[in-house]
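Here's the structure we're looking at; comments come further down.
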Amino acid sequence: MRRDIFQAIADPTRRAIIILIALHAMTPNAIAENFNTTRQAVSKHLRILTECELVKQEQKGREIYYSLEIDKMKEIDKWIEQFRKIWETRFDQLDQVLSTIKKQKK
């Protein structure tokens, strides 16, 4: 079953996992130590993130390490960018209105 990356990042635990592994790869046990939940629950979140290709697995000896898949994160950023432009335009318009009001009060 193909999952949607936006469904994956909608969950706060999965977002927290993404933040944890953003700087360096971690094992499932190391990730689970940061949560007040079972190792199995963390594994389920990792499986969903892996299915969405937001994280990747790498076998090192007997351990599996999870790391962030930057290209997929760029896909999310690209989608958000369209809204960022709208917000910036609205903030610029607000700045102009506030500037006009400030000039009128003088």
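Values computed for the structure shown
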quantity	calculated
Lone unmet requirement of (1) at pLDDT 90 or above; (2) assigned to a helix (DSSP H, G or I) for Y65	(2)
Hey, K103 in a helix (DSSP H, G or I) and touching a residue at least 40 places away in the same chain (Cβ under 8 Å) or not	no
Only one of I76, I86 that is modelled with pLDDT under 90 and either surrounded by 12 or more Cβ atoms within 10 Å (Cβ to Cβ) or assigned to a strand (DSSP E or B) (or both)	I76
Residue match in segment 33-40 (condition: of a type in the set (A, V, I, L, M, F, W, C) and out of contact with any Lys or Arg (no Cβ under 7 Å at 6 or more places or on another chain))	yes
Selection within segment 11-22 - without any contact (Cβ under 8 Å) to a residue 24 or more places away in the chain and within 9 Å of the chain's Cα centre (by Cα)	R15, A16, I19
Leading residue by the ranking (surrounded by the most Cβ atoms within 10 Å (Cβ to Cβ)) among those in segment 1-21 that are charged (D, E, K, R) and within 11 Å of L49 (Cβ to Cβ)	R14
Any hit, segment 49-68, residues being of a type in the set (A, V, I, L, M), within 18 Å of D11 (Cα to Cα) and touching a Phe, Trp or Tyr at 6+ places or on another chain (Cβ under 7 Å)	yes
Within segment 22-42, considering residues that are surrounded by 15 or more Cβ atoms within 10 Å (Cβ to Cβ) and either touching a Pro at 6+ places or on another chain (Cβ under 7 Å) or among the hydrophobic types (A, V, I, L, M, F, W, C) (or both), the one nearest to F6 (Cα to Cα)	V42
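The values are calculated or read from the model by the stated rules, or taken from the named source; none is laboratory data. Here the structure is a predicted model, which means the values were calculated and not measured. No Cβ is skipped: glycine too gets one built from the backbone with ideal geometry, and neighbour counts run over all protein chains shown.
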